[in-house]
Amino acid sequence: MKMESRAELSRPVSDEVRKTTCYMCACRCGIDVHIKGGRIRYIEGNRDHPVNKGVLCAKGSAGIMQHYAPARLRAPLKRKGPRGSGAFEEISWEEALSLASEWLGEVRRKDPKKLAFFTGRDQSQSLTGFWAQQFGTPNYAAHGGFCSVNMAAAGIMTIGGAFWEFGSPDWDRTKLFVMFGVAEDHDSNPIKIGISKLKKRGARFVSVNPVRTGYSSIADNWLGVRPGTDGLLILALVHELLKARRIDVDYLVRYSNATWLVVDAPGTAEHGLFARDADGKPLVYETVTERPVPHGTKGARAALSGRFDLGDGRFGVPAFQLLAEKYLDPKYAPEAAAEKTGIPAETMRGLAAEIGRVAFDEAIFIEQPWTDVWGEQHQGYVGRPVSFHAMRGISAHSNGFQTARALHLLQVLIGAVDCPGGFRFEPPYPKPINAHPTPHGRAEHFGSNKPLSGPHLGFPQGPEDLLIDKDGKPTRLDKAFSWDAPIAAHGLMHMVIANAHAGDPYPIDVLFLYMANMAWNSSMNTAGVIRMLEDKDPATGEYRIPKIIYSDAYASEMVAYADLVLPDTTYLERYDCISLLDRPISEPDAVQDAIRWPVVEPDRDVRGFQTVLIDLATRLKLPGFVDHRGKGLYADFADYIVRHERRPGIGPLAGFRGADGTRAGRGTANPDQLERYKANGSFFAAHIPLEAQFFKHANQAYQDFAVRLGFFDQPRPVTFQIYSEILQKFRLSAEGRREPIAPETHRPRILAAFDPLPDWYQPFEEAAVSEKEFPLHAITQRPAAMYHSWGSMNAWLRQIHTRNVLFVPGSVCDEHGLSDGDWAWVTSRHGRIKVEIARTDAVNRDTLWTWNAIGKRDGAWALDRDAPEARKGFLINHLINELLPPKGDGLRWSNSDPVTGQAAWYDLRVRIEKADPAERSEPHFAPIVMAERETPEELRYGQEWSQ
Ligand code: SF4
């Protein structure tokens, strides 16, 4: 590697620099924290860190004001007034932990499912999931269900990996980069660095997004698509590429299931499944010997089209033939998609032609001998230099799973997955779908004082893996992995409070939440959720959700609704582990993980949540946390990070393992491991050998590397599933041909949404409401300087965003007589809000939008009572219902994707009308008054608020 000279960018301002990992958003950049006199003076980017290479964003540098924010909680709190009042008393940790273990212990003894444990956007899910599994409740998940599970689930089910934490564009080689629905805070520094590389090389950047801000504003081409129609646009590109024969046939045959024979036997229980041999191997049709042979048979030349006699009375059709027949239909042509997407047909045709031209006419070849998993040797890597990236904008719809599948299908068709210039996997991905566990949570999986028999989350291989009882009813509180959301790989956190309040499918005793602001910006129907948290059973006078334990570092809106508050530290005061067992920070060329550590000691009576969880596990004597005598195995989270082994030799951190710290991936625990990380800038990287860097899904050297590093115990190559047999199994259940048979009420949804080939259907809310009554879309976008509500208390970041306005397209302003600074009522089927507007033309003509999570509740986050966030800021969450409009079938249908349960935030439909001028947005809620909490008159850098 060429070493570039580096300018000294900052004067020394400190006594000492401590290197750790940022947590002002989820990107996990390396930071240098300058300490002077025991206090934090300055934060800059770590120029040796592989994620950000010294780049620091506004959020990262403002970490100092996060750390000294007046909103920090100071000590454990016990509620002494009604929920929502903010009336608490400070208690000791001993009292707090005794109370929590008393509540939790009782649940575990009587009925463990009556604990619901859900966490927000934390980065310790391998610990929290393990804790919940040892506790024995089936009710655990993190925030993925209301974030971007559609991206993760569709990616893993299609190509064995997904965008962001599982893969990345090949920024150094791509010549055409197409981004769908990505807000500018997402994967923030890596994307900025990547786009700057494209700009320097003159590579083309196309952004597809209803809103033109942030990344989209510097794109070479912006396609202002109508929300919820991205899938239609992508399938129009597929149509054009197929029509022009701009597809990589050799790649499809080698790496995908395009040649696998799909049983053509309508009306039978096998129709649409793959034909298999006696060992269960999928069959292909060998064109030289003219007979079906198992996929992977050496030298076989498999057919991509035709209809073949399987020799047992059935016929088989290659998946590719079904695919071509489907997408060559004129209903997928750009002309057919133009009106719905709002994108002219010639623009779509032009983009498809450019994708085809760059992929095939500007192909890359890197000379590097490598061997595939079938033993065939190759002289180099062929690259199709077209890359894609997508996130929540396309996934937070009720059709988001199939849209994300469509995008992966497009990548596979042009041969652009894990090749030079295309999308590249980041270890430990790719993983085949059957390397993931199936979900656990049925009655036979748990019991009193017992651990759950396996992980909560995973991927059902068919309806037989659903978490339902003998009557077909959900066994999880959030109804994940039931007929409601069969492949809910990250759970449905957005349904937890509504279902617990309704006692549907059953009531709970304890709700335990971490870092999830469910009483405000993390919930749909915010006012309704607040009412549910406050609601009491008139017969008993008790809250319907009887006990709420909440852990957070700051006085967010949710704190006011807890009965017991366990105050967390800031990210600069505790150990954290960014683990390969969790959400990795690897790069396409390197396996990477990282830590955080206490660069300063807490000055309040607070403890890191992960250490508190381990303390509770010890008190509850959870298996895996205590020895056979009931003695705790781990002193705290740091001790757990070093000594816990998930499998022999595999622990939370991959680096510096073995007694002398020389082992990577596998190895015995190293007592010095955390010190080694600190000395290395708080991260570890192991580079992938050159002969293993591309085509990881089928590259023998990579597969061997993955086994050496401990990702798998044997090679697990991936065949891209452009046709999904798992989805077809659900369709057969919905047709009544496969056990368990889907209930009558769920059949139309499953038949419509579980197409084994990616498809598009109208988002559910749009289909359910009148277009005349609610003609517009309303969505949010996260700004570059604020990650959800995480910067709400940050004095520097608040100077960038103290309030939000509703951005309204010029044509809508003209129609309604609206000008900049006017106030307007925005009404949905669920409610209405009064907001200040700003005119814009950088938006899809049918779409209103605002910044996410800027509006605050009066009194929360230790903000001034007249703070603009509460006075003028607002949430569009008040307009969104967690349930779809009633269908008259007596069921409660969640406002989610029917495959994964992903919250359909962006399906919202509204109308707008001018309101009288105002000083305050509506609705406005009674202030939260946190007892004895004073806020400073003024907050300045260098004179931070000290409590
Ligand atoms: S992108 Fe910014 S906030 Fe996010 S981790 Fe990196 S420096 Fe921190």
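Filter the stretch 582-607 down to residues that are surrounded by fewer than 22 Cβ atoms within 10 Å (Cβ to Cβ) and hydrophobic (A, V, I, L, M, F, W, C) and give me whichever is nearest to the chain's Cα centre (by Cα).
Within the stretch 582-607, the match that is nearest to the chain's Cα centre (by Cα) is ALA590.
I'm trying to understand the selection: among the residues of the stretch 761-797, which are open to solvent by 40 Å² or more (accessible area, probe 1.4 Å), in a loop (DSSP other than H, G, I, E, B) and farther than 30 Å from ALA58 by Cα?
GLN762, SER770, GLU771, LYS772, GLU773, PRO775
For HIS490, only one of the following conditions fails: (1) open to solvent by 10 Å² or more (accessible area, probe 1.4 Å); (2) closer than 30 Å to LEU690 by Cα; (3) in contact with a helix residue (DSSP H, G or I) (Cβ under 7 Å, 6 or more places away or on another chain). What is its number?
Of (1) open to solvent by 10 Å² or more (accessible area, probe 1.4 Å); (2) closer than 30 Å to LEU690 by Cα; (3) in contact with a helix residue (DSSP H, G or I) (Cβ under 7 Å, 6 or more places away or on another chain), only one is false for HIS490: (2).
Quick check on this structure: which one of ILE750, ILE726 is surrounded by fewer than 23 Cβ atoms within 10 Å (Cβ to Cβ), assigned to a helix (DSSP H, G or I) and in contact with a Phe, Trp or Tyr (Cβ under 6 Å, 6 or more places away or on another chain)?
Result: ILE750 is the single residue among ILE750, ILE726 that is surrounded by fewer than 23 Cβ atoms within 10 Å (Cβ to Cβ), assigned to a helix (DSSP H, G or I) and in contact with a Phe, Trp or Tyr (Cβ under 6 Å, 6 or more places away or on another chain).
The rows are residues; the columns are (1) among the charged types (D, E, K, R); (2) within 24 Å of SER733 (Cβ to Cβ).
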residue: THR259; (1), (2): no, no
residue: GLU270; (1), (2): yes, yes
residue: HIS295; (1), (2): no, no
residue: LEU328; (1), (2): no, no
residue: MET348; (1), (2): no, no
residue: GLU354; (1), (2): yes, no
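Tell me which residues, restricted to the stretch 348-372, are buried (at least 18 other Cβ atoms within 10 Å of the Cβ) and more than 18 Å from THR174 (Cα to Cα).
Once the filter is applied, which keeps residues that are buried (at least 18 other Cβ atoms within 10 Å of the Cβ) and more than 18 Å from THR174 (Cα to Cα), the stretch 348-372 yields MET348, ARG349, TRP370, ASP372.
In the stretch 32-65, what residues are assigned to a strand (DSSP E or B) and within 7 Å of the ligand (Cβ to nearest atom)?
Listed by number, the list holds a single entry, GLY45.
Condition first: touching an Asp or Glu at 6+ places or on another chain (Cβ under 9 Å) and either surrounded by fewer than 22 Cβ atoms within 10 Å (Cβ to Cβ) or among the hydroxyl-bearing types (Ser, Thr, Tyr) (or both). Now tell me which residues in the stretch 163-174 satisfy that.
Those that are touching an Asp or Glu at 6+ places or on another chain (Cβ under 9 Å) and either surrounded by fewer than 22 Cβ atoms within 10 Å (Cβ to Cβ) or among the hydroxyl-bearing types (Ser, Thr, Tyr) (or both): GLU165, SER168.
Only one of (1) open to solvent by less than 10 Å² (accessible area, probe 1.4 Å); (2) away from the ligand (no atom under 16 Å from the Cβ); (3) in contact with an Asp or Glu (Cβ under 8 Å, 6 or more places away or on another chain) fails for GLN125. Which number is that?
Among (1) open to solvent by less than 10 Å² (accessible area, probe 1.4 Å); (2) away from the ligand (no atom under 16 Å from the Cβ); (3) in contact with an Asp or Glu (Cβ under 8 Å, 6 or more places away or on another chain), GLN125 violates only (1).
Keeping to the stretch 193-216, report how many residues are surrounded by fewer than 19 Cβ atoms within 10 Å (Cβ to Cβ), in a helix (DSSP H, G or I) and touching a residue at least 60 places away in the same chain (Cβ under 8 Å).
Qualifying residue count for the region: 1.
Starting from residues that are of a type in the set (Lys, Arg) and touching a helix residue (DSSP H, G or I) at 6+ places or on another chain (Cβ under 7 Å), keep the ones in the stretch 98-122 and report whichever is surrounded by the fewest Cβ atoms within 10 Å (Cβ to Cβ).
ARG121
Would you mind stating whether ALA664 is open to solvent by 10 Å² or more (accessible area, probe 1.4 Å), free of Cβ contacts under 8 Å to residues at least 24 places away in the same chain and either in contact with a His (Cβ under 8 Å, 6 or more places away or on another chain) or aliphatic (A, V, I, L, M) (or both)?
no
What is the number of the single condition among (1) assigned to a loop (DSSP other than H, G, I, E, B); (2) open to solvent by less than 10 Å² (accessible area, probe 1.4 Å); (3) modelled with pLDDT of 95 or more that GLN610 does not meet?
All conditions are met except number (1).
Say whether the condition of being closer than 30 Å to PRO743 by Cβ and open to solvent by 10 Å² or more (accessible area, probe 1.4 Å) is met by at least one residue in the stretch 857-878.
The answer is no; no qualifying residue exists.
Select from the stretch 679-704 the residues that are small (Gly, Ala, Ser) and open to solvent by 20 Å² or more (accessible area, probe 1.4 Å) and write down the one among them that is farthest from GLY380 (Cα to Cα).
Looking at the filtered set, the residue picked out is ALA679.
How about the stretch 448-458: which of its residues are open to solvent by 10 Å² or more (accessible area, probe 1.4 Å) and under 22 Å from the mean Cα position of the chain (by Cα)?
Correct list: PRO455, LEU457.
Kindly provide the set of residues from the stretch 798-839 that are in a loop (DSSP other than H, G, I, E, B), closer than 21 Å to ALA867 by Cβ and either away from the ligand (no atom under 16 Å from the Cβ) or of a type in the set (Ser, Thr, Tyr) (or both), ordered by number.
THR802, ARG803, ASN804, VAL805, GLY821
Restricted to the stretch 11-31, and to residues that are free of Cβ contacts under 8 Å to residues at least 60 places away in the same chain and in a strand (DSSP E or B), which residue is nearest to the ligand (Cβ to nearest atom)?
The extreme case among them is ILE31.
Quick one: which of ARG708, ARG676 is assigned to a helix (DSSP H, G or I), out of contact with any Lys or Arg (no Cβ under 8 Å at 6 or more places or on another chain) and open to solvent by 30 Å² or more (accessible area, probe 1.4 Å)?
ARG676
Can you name the condition, by its number, that ARG245 falls short on among (1) part of a loop (DSSP other than H, G, I, E, B); (2) in contact (Cβ under 8 Å) with a residue 24 or more places away in the chain; (3) among the basic types (Lys, Arg); (4) open to solvent by 50 Å² or more (accessible area, probe 1.4 Å)?
(2)
Take the stretch 608-630 and flag every residue that is touching a Ser or Thr at 6+ places or on another chain (Cβ under 8 Å) and either farther than 16 Å from TRP103 by Cα or not aliphatic (A, V, I, L, M) (or both).
GLY608, PHE609, GLN610, ARG619, PHE625, VAL626
Within the stretch 69-84, is there a residue that is within 16 Å of the ligand (Cβ to nearest atom) and either under 29 Å from ASP858 (Cβ atoms) or in contact with an Asp or Glu (Cβ under 6 Å, 6 or more places away or on another chain) (or both)?
Yes; the residues of the stretch 69-84 include at least one that is within 16 Å of the ligand (Cβ to nearest atom) and either under 29 Å from ASP858 (Cβ atoms) or in contact with an Asp or Glu (Cβ under 6 Å, 6 or more places away or on another chain) (or both).
Can you name every residue in the stretch 273-287 that is touching a residue at least 12 places away in the same chain (Cβ under 8 Å), surrounded by fewer than 23 Cβ atoms within 10 Å (Cβ to Cβ) and part of a loop (DSSP other than H, G, I, E, B)?
Those that are touching a residue at least 12 places away in the same chain (Cβ under 8 Å), surrounded by fewer than 23 Cβ atoms within 10 Å (Cβ to Cβ) and part of a loop (DSSP other than H, G, I, E, B): LEU273, ASP277, ASP279, LYS281, THR287.
For ALA498, are the conditions met, namely being touching a Lys or Arg at 6+ places or on another chain (Cβ under 9 Å), among the small types (Gly, Ala, Ser) and assigned to a helix (DSSP H, G or I)?
It is true that ALA498 is touching a Lys or Arg at 6+ places or on another chain (Cβ under 9 Å), among the small types (Gly, Ala, Ser) and assigned to a helix (DSSP H, G or I).
Which of the residues belonging to the stretch 805-830 are open to solvent by 40 Å² or more (accessible area, probe 1.4 Å) and touching a Gly at 6+ places or on another chain (Cβ under 9 Å)?
Within the stretch 805-830, HIS830 is the sole residue that qualifies.
Kindly list, by first and then second residue, each pair from a residue in the stretch 357-369 that is closer than 13 Å to PHE694 by Cβ to a residue that is surrounded by fewer than 14 Cβ atoms within 10 Å (Cβ to Cβ), limited to pairs with Cβ atoms under 9 Å and residues at least 6 apart or on different chains.
PHE365/GLN379; GLU367/GLN379; GLN368/GLN379; PRO369/GLN377; PRO369/GLN379
The values are calculated or read from the model by the stated rules, or taken from the named source; none is laboratory data. Computed from a predicted model, the values in this text were never measured in an experiment. So basically every Cβ, Gly included, is an ideal-geometry build from the backbone, and we count neighbours across all protein chains shown. Each accessible area value is taken on the protein alone, full model and side chains, heavy atoms only, with ligands, DNA and RNA left out. Shrake-Rupley method; radii C 1.70, N 1.55, O 1.52, S 1.80 Å.
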